[in-house]
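Novice: My structure is below; once you've seen it, I'll send some questions.
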Amino acid sequence: MWFWKNKLDENSYAIIGLGNPGPEYVGTRHNIGFAVIESLSIELGIGLKERKFQGVIGKGTVEDKKVFLVKPMTYMNRSGQCVSQIIKYYKIPLENILVIADDLDLELGNIRIRPSGGPGGHNGHKSISQSLGTKEYPRLRFGIGKPGDEEISDYVLNKFQRDELKIVDDTVKLSRDATCSFILDTLDNTMNHYNRKI
């Protein structure tokens, strides 16, 4: 973690949505991090135009903050390769990154923002923790619920059901708003306001 010790840019934020590249994964539960990043891109007017560090990156400002929107293109289980390169290059403090990913332990319609935590069986978080050498980074957990009789690997790679789409859309918007609060307000205030069911 040597690259966080000096010359960090305290005014820079990296918002990282996890998913898998390719049209076959669009709209799947495992790609909800990408969906939130795309919503933020539209809301904040930050185009996702640059391909760099094994990811798609958008650069812009929110008030006086420099914001990087990131979609790793490495596939989920190697997300850390992209994340570590970006925060090292742009000298972004760990407390100023927010990783957005699906979460089986939360019901659909729930989000949870946390300052740190274990991977909880999520391969994206596992990869990021290994690449960064720490679990101490903020994350937004987007609830997708647990499968019934379906295998977990099939469940997360399947698309949301038709009757779930309104809740998904509302929760993407909630996650987008929570992310903006993370950038502009304190983490504690963001958690207090947004860690609830829609």
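Just so it is clear, none of the values below were taken in a lab; they were calculated from the coordinates. Nothing here was measured: the structure is a model prediction, and the numbers come from that model. Note that each Cβ is placed from the backbone with ideal geometry, even for glycine, and that neighbours are counted across all protein chains shown.
Novice: Working from Cα positions, state the angle (0 to 90°, nearest 10) between the long axis of helix 165-184 and the longest principal axis of the chain.
Specialist: 20 degrees
Novice: Can I ask one more? What's the angle, to the nearest 10 degrees (0 to 90), between helix 123-132's Cα axis and the longest principal axis of the chain?
Specialist: 10 degrees
Novice: Any chance you could run the full-extension gain for Asp169 through Asp9? It's 0.36 nm times the residue separation minus the Cα-Cα distance, nm to one decimal. All intermediate terms of the calculation are to be shown ahead of the outcome.
Specialist: Values: separation 160, 0.36 × 160 = 57.60 nm, distance 3.32 nm.
Gain on extension, Asp169 to Asp9, equals 54.3 nm.
Novice: How much length would be gained if the chain were fully extended between Asp149 and Gln85, taking 0.36 nm per residue of separation minus their Cα-Cα distance, in nm to one decimal?
Specialist: Contour length minus the Cα-Cα distance gives 19.2 nm.
Novice: Hey, could you get me the Stokes-Einstein D for the chain, Kirkwood radius over alpha-carbon pairs, 10 °C and 1.306 mPa s, rounded to whole µm² s⁻¹?
Specialist: Working: Rh = 16.6 Å.
The diffusion coefficient I find is 96 µm²/s.
Novice: Report, to the nearest 10°, how far helix 79-89 tilts away from the longest principal axis of the Cα atoms in the chain, using its own Cα long axis and a range of 0 to 90°.
Specialist: With rounding to tens, the tilt is 20 degrees.
Novice: Whole-Hz Karplus ³J(HN,Hα) for region 40-51, in order, using 6.51 cos²θ - 1.76 cosθ + 1.60 and θ = phi - 60°, x for Gly and Pro?
Specialist: For region 40-51, the Karplus-derived couplings read 5, 4, 5, 4, 8, x, 10, x, 8, 10, 9, 9 Hz, x marking Gly and Pro.
Novice: As an exercise, identify the GluC sites (Glu not before Pro) in region 30-125 lying in DSSP coil whose Cβ has no more than 11 other Cβ atoms within 10 Å. Don't skip to the end; give the middle numbers.
Specialist: Working: sites: Glu38, Glu43, Glu50, Glu63, Glu95, Glu107; in loops: Glu63, Glu107.
Sites meeting the loop and neighbour criteria: Glu63.
Novice: If you plug each phi of region 106-115 into the Karplus form 6.51 cos²θ - 1.76 cosθ + 1.60 with θ = phi - 60°, what whole-Hz ³J(HN,Hα) values come out, in order, with x for Gly and Pro?
Specialist: The phi angles translate into 10, 5, 4, x, 10, 10, 9, 9, 9, x Hz.
Novice: Suppose every K and R has +1 on its Cβ and every D and E has -1 on its Cβ; what is the size of the dipole of the chain about the Cα centre, in Debye to the nearest 20? Walk me through the numbers before you get to the answer.
Specialist: Details: 27 positive and 25 negative charges, 146 e Å.
Its charge dipole is roughly 700 debye.
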